[in-house]
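Q: Below is a structure I'd like to ask you about.
The values are calculated or read from the model by the stated rules, or taken from the named source; none is laboratory data. Here the structure is a predicted model, which means the values were calculated and not measured. A quick note on method: Cβ atoms are made from the backbone with ideal geometry, for glycine too, and the neighbour counts reach across all protein chains shown. All accessible areas refer to the heavy atoms of the entire protein, side chains included, with ligands and DNA or RNA removed. Shrake-Rupley method; radii C 1.70, N 1.55, O 1.52, S 1.80 Å.
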Amino acid sequence: MKKSRGFTLLEVVTAILIIAAMAGGMVGAFVSARYFFRSARHKMQAYNFAREVQDKLRANYIYDDPQMSVGSHSASETGSVVVGEMASLNHTFTYDVSQPETGYRKVKVRVWWEENKFF
């Protein structure tokens with residue numbers, strides 16, 4: 001009786017299928033993680049840009065300034081603060097100024113951007 005020293009075709013194909021299934025799962029995990037981390041980075045950048053708009057308004061604060069009039073405004077009135085990767089995304093900045101009954105005016109900055117899931 002001869003001893004077999006190699007693998008059969010069935011064993012090789014089975015091993016390739018198992019490795020391919022594991023590799024496919026890992027690729028899916030990496031793509032999802034990449035999207036998650038890019039989205040988190042964009043959220044942090046948007047927060048920083050919104051804070052910068054608020055700081056510019058606060059630094060140039062004059063109560064009768066048209067930028068501080070009650071209502072909705074485009075943040076582009078304060079100058080461009082979007083740089084880097086988010087500058088290439090479709091984005092808008094707006095801010096609303098409201099007048100409470102007492103105290104300072106309240107400024108709420110909104111950041112919107114369109115993020116592509118696959119690139």
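Q: Of everything in segment 22-47 that's hydroxyl-bearing (Ser, Thr, Tyr) and closer than 22 Å to residue 94 by Cβ, which residue is least open to solvent (accessible area, probe 1.4 Å)?
A: Initial filter on segment 22-47 (hydroxyl-bearing (Ser, Thr, Tyr)): 32, 35, 39, 47.
Adding the requirement that they be closer than 22 Å to residue 94 by Cβ leaves 39, 47.
Details: 39: 19, 47: 130 Å².
In this case the residue turns out to be 39.
Q: Take the residues in segment 37-93 that are part of a loop (DSSP other than H, G, I, E, B) and more than 18 Å from residue 105 (Cα to Cα), then tell me which one is modelled with the lowest pLDDT.
A: 79
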